[in-house]
Amino acid sequence: MRDAVVVQDLGKRFRRYRADRPSTIHETLLRGFWKLAPTEYFWGLKDVNFRIAPGRMVAVVGRNGAGKSTLLRLIGGVGRPDKGSIQVCGRVRGLLTLGAGFHPELTGRENLFVNAIIGGLTHREVEARLETIVAFSELEEYIDSPLRVYSSGMQMRLAFSIAIHSDPDILMIDEVLAVGDLAFQRKCLDRIEQVKASGCTIIVVSHDAGMARELCDEALWLRAGRLEAQGPCSGVIDKYLADAGTISWSHLPVANTTPAAVPEQHPKEELRDELHKFEITGVRVLGVDDSANRKIDSGSPLSIEISFVARRLIEVLNFSVAIRRPDGVSCCDMSTQGSPSTPYGVHGEGSILLHIERLDLGGGLYDIEVCAYGEELSPRFGFWQSASSIAVRSDGSNSGLWRVPHHWETRQPVEAPRASSVAGVVSR
Amino acid sequence: MSHRFLAKQWSLIYVRDVLRVLVARDFKLRYKRSVLGIAWSLLVPLAQLAVMYIVFKEILRLTIPHYTSFLLAGILPWIWFQSSLITSSMTIVENRELVKQVGFPIAVLPTVTVLSQMIHFLLALPILAVFLLIDGLRPTLALVALPLVILVQFALTVSLAYIVATLQVKFRDTQYLVGICLLLFSYLTPVFWDFSGIPEPFYSIFMLNPMACLLTAYRAILLHGQLPAAKPLAALAVLSSMVLSSGCIVFLRARDRFVEEL
């Protein structure tokens, strides 16, 4: 069977222009034509090679600006590669921008027709599917209202319904699924499963590693415009998450940084009059199996060491450590306040250790936020927003924010009793 | 560099459907919230007709026979030409969401604009027929040439529309320049005057203006009941197709960068 998408030696070059590049004929004549030329070129994508077999669902992962959206656009024929080739077999539909070419003054129904016909359906086909599309989007009441009264979630629902009902051979989704409410997201995912089962190739850009693992067969990892890895989903995403950790690391204080070097490198939010009084000089994560990647298995113990220097006597010194997801959701926030271990009368260099007995978090990347303060939360003596980060590894049987300690118990049917009628599978 | 999928998207049925749905969209948008609806498209040429008639017939006392019909036969094609170019300059920028849609054939956009302006022109033709009848002019067999003249004007306008639309993406003041140029150009075009009387070297120079050539052809058919002069029209057809192909090339070459520049 032919591959659905074949990308060979793909390169996309972007132009960077001077800030005062003229944008009108008037300015061009006044300032000179030479200012129209780009000042430099950079490769948004380079040397990208891959094939996608039909019927596969592929996740594209990578940090912001890695070229994910550019890649999807090029596959969709929006813009042209500067190097290499893309061969696509079949009809491509994409949900790449939220607006999706809708016009606010037209009704949902009129927009639906325009959008579906541009997407490759004939007028008659749209008429035949109209009911189904509207029903799926749950917009029956609003379909004859102008689109400007729709919320962005409603627009997304309409756009998604049209795209998914227009028999694409290849469907591309760029992050837009995040807009609908949870119930609709679930419905979309179910529908994606159906479409996939009917042989459609699906390419998604997602920052939700859990969703990608759950749905996709393969993953492509783009880093700075280059294809870093391609292969089975879990492996590639693990690599990506681990790497995302090391990238953060290079921006963050290294544990053994000399205190003097810290202030220039790491701007911190501190109160001016407290500036020289106290300083957090380092944050170290202990108990991770590899200090460069800082990977940790879910459920294992973890310690965080905060080194500090107090240049004057501080009566009461409290610390707090929060573990946050990359999107800012706080998973836990632990503080010394009210605990017997609150340091009193601190002066000079020292360190405090936080021991977490079990880190029962779901797989993914987490930021560690460290804060030092007095009796009250403010003023703060020191605050490191992403002092460190860890990549939590979780086995495939578990997804979600929290990895609850649990075990499964299977009960055999009573008709066929066995020697051991109860089997317990205990999850570590 | 190949993109098989684009070739597939360019099937004739697909392009026809896209053209139809986008022209319909243009119409819906234009008349969505106006009480007068389609009558608006007739109001503009009629108002222009009234003003010009008063100025040139009553005040300046031009002695062109059947002056109302003469004026309207010039005003209608000119408005089609003028509004096509002004609207098409905005077509890429205003439809940026469509341009970024996967699989959208961007090249249809200027054509859509010229087409919907042409429909306005065609809708106004019955009014012209009424004026012709009032002036006592009867249709002759020469009328069969009318679609041909319309076709040549369509080709000419589309080809210029491609160039204007391409320029607008790069230079955001193109639309104003186009407006100014059209205004100046309208005086060089016999919309409200007749240059059949001017001496020879100037006559030929004036006839190099494609719109002058077209208006003369319209009037020959409608007012004089004659077939239009074949030679200038044929030359114009050849010229239009040349401009059309080069306009298309310019547009298609710039097209891949529209996405980056929008």
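The values are calculated or read from the model by the stated rules, or taken from the named source; none is laboratory data. Owing to the predicted nature of the structure, the values given are computational and were not obtained by experimental measurement. We place every Cβ from the backbone using ideal geometry, glycine too, and count neighbours over all the protein chains shown. Please note that ligands, DNA and RNA were not included when accessible areas were found on the heavy atoms of the full protein model with its side chains. Shrake-Rupley method; radii C 1.70, N 1.55, O 1.52, S 1.80 Å.
Being in contact with a helix residue (DSSP H, G or I) (Cβ under 9 Å, 6 or more places away or on another chain), crowded, with 17+ Cβ neighbours inside 10 Å and not charged (D, E, K, R): is that true of B:Ile150 here?
yes
Given the criteria crowded, with 22+ Cβ neighbours inside 10 Å and within 17 Å of A:Phe113 (Cβ to Cβ), does A:Ala135 qualify?
For A:Ala135, the condition - crowded, with 22+ Cβ neighbours inside 10 Å and within 17 Å of A:Phe113 (Cβ to Cβ) - is not met.
May I ask you to list pairs of residues, at least six apart or on different chains, whose Cβ atoms are under 7 Å apart, with the first in the range B:243-255 being closer than 17 Å to A:Arg80 by Cα and the second being of a type in the set (D, E, K, R) and in a helix (DSSP H, G or I)?
Short answer, once both residue conditions are applied: none.
Suppose we filter B:Ile198, B:Ile205 for residues that are outside any helix (DSSP H, G or I), of a type in the set (A, V, I, L, M), more than 25 Å from B:Ile150 (Cβ to Cβ) and without any contact (Cβ under 8 Å) to a residue 60 or more places away in the chain; which single one remains?
B:Ile198
Suppose the filter is of a type in the set (Lys, Arg), assigned to a strand (DSSP E or B) and either within 30 Å of A:Gly65 (Cβ to Cβ) or without any contact (Cβ under 8 Å) to a residue 24 or more places away in the chain (or both); does A:Arg93 pass it?
Considered against the rule, which asks whether it is of a type in the set (Lys, Arg), assigned to a strand (DSSP E or B) and either within 30 Å of A:Gly65 (Cβ to Cβ) or without any contact (Cβ under 8 Å) to a residue 24 or more places away in the chain (or both), A:Arg93 comes out as yes.
Among the listed residues A:Ile162, A:Ile170, which satisfies the condition of being more than 10 Å from every other protein chain (Cβ to nearest Cβ) and buried (at least 23 other Cβ atoms within 10 Å of the Cβ)?
Testing whether each residue is more than 10 Å from every other protein chain (Cβ to nearest Cβ) and buried (at least 23 other Cβ atoms within 10 Å of the Cβ) leaves just A:Ile162.
Looking at this structure, is A:Glu27 within 12 Å of chain B (Cβ to nearest Cβ) and open to solvent by 20 Å² or more (accessible area, probe 1.4 Å)?
yes
Would you confirm whether or not the range B:166-181 contains a residue that is more than 14 Å from chain A (Cβ to nearest Cβ) and in a helix (DSSP H, G or I)?
no
Which one of these does A:Asp3 not meet: (1) in contact (Cβ under 8 Å) with a residue 24 or more places away in the chain; (2) open to solvent by less than 70 Å² (accessible area, probe 1.4 Å); (3) more than 29 Å from A:Ala224 (Cβ to Cβ)?
Going through (1) in contact (Cβ under 8 Å) with a residue 24 or more places away in the chain; (2) open to solvent by less than 70 Å² (accessible area, probe 1.4 Å); (3) more than 29 Å from A:Ala224 (Cβ to Cβ) one by one, A:Asp3 breaks only (3).
State which residue is nearest to the chain's Cα centre (by Cα) when the search covers only the range B:210-262 and only residues that are of a type in the set (S, T, N, Q) and part of a helix (DSSP H, G or I).
B:Ser240
Please list, ordered by residue number, the helices (runs of 4 or more DSSP H) wholly in the range B:24-120 having 1 or more residues that are within 14 Å of another protein chain (Cβ to nearest Cβ).
Output list reads B:67-94, B:96-99.
Taking the conditions exactly as written (open to solvent by 40 Å² or more (accessible area, probe 1.4 Å), of a type in the set (A, V, I, L, M) and more than 14 Å from every other protein chain (Cβ to nearest Cβ)), does A:Ala19 satisfy them or not?
Yes, satisfied.
Give just the number: which of (1) modelled with pLDDT of 90 or more; (2) more than 17 Å from B:Pro210 (Cα to Cα); (3) open to solvent by 20 Å² or more (accessible area, probe 1.4 Å); (4) hydrophobic (A, V, I, L, M, F, W, C) does B:Leu167 not satisfy?
For B:Leu167, the exception is condition (1).
Does B:Gly197 meet the test of being over 21 Å from the mean Cα position of the chain (by Cα) and exposed (fewer than 14 other Cβ atoms within 10 Å of the Cβ)?
Judged against the criteria, B:Gly197 is a match.
Does any residue in the range A:227-248 that is in a helix (DSSP H, G or I) come within less than 6 Å, Cβ to Cβ, of a residue that is among the aromatic types (Phe, Trp, Tyr) and modelled with pLDDT of 75 or more six or more places away or on a different chain, and which pairs are these?
A:Val236/A:Trp221; A:Tyr240/A:Trp221
Scan the range A:77-99 for residues that are at the interface with chain B (Cβ under 7 Å from one of its Cβ atoms) and within 30 Å of A:Glu141 (Cβ to Cβ) and jot them down.
Listed by number, the residues that qualify are A:Arg93, A:Gly94, A:Leu96, A:Thr97, A:Gly99.
I'd like to check which strands (runs of 3 or more DSSP E) are fully inside the range A:2-65 and have at least 3 residues that are touching a Gly at 6+ places or on another chain (Cβ under 6 Å), in the same structural domain as A:Pro168 (by TED's automatic domain parsing) and under 25 Å from A:Cys89 (Cα atoms).
Output list reads A:5-16, A:40-52.
Among what's in the range A:51-74 and is farther than 21 Å from B:Lys100 by Cβ and open to solvent by less than 10 Å² (accessible area, probe 1.4 Å), pick the residue that is modelled with the lowest pLDDT.
Here the residue is A:Val61.
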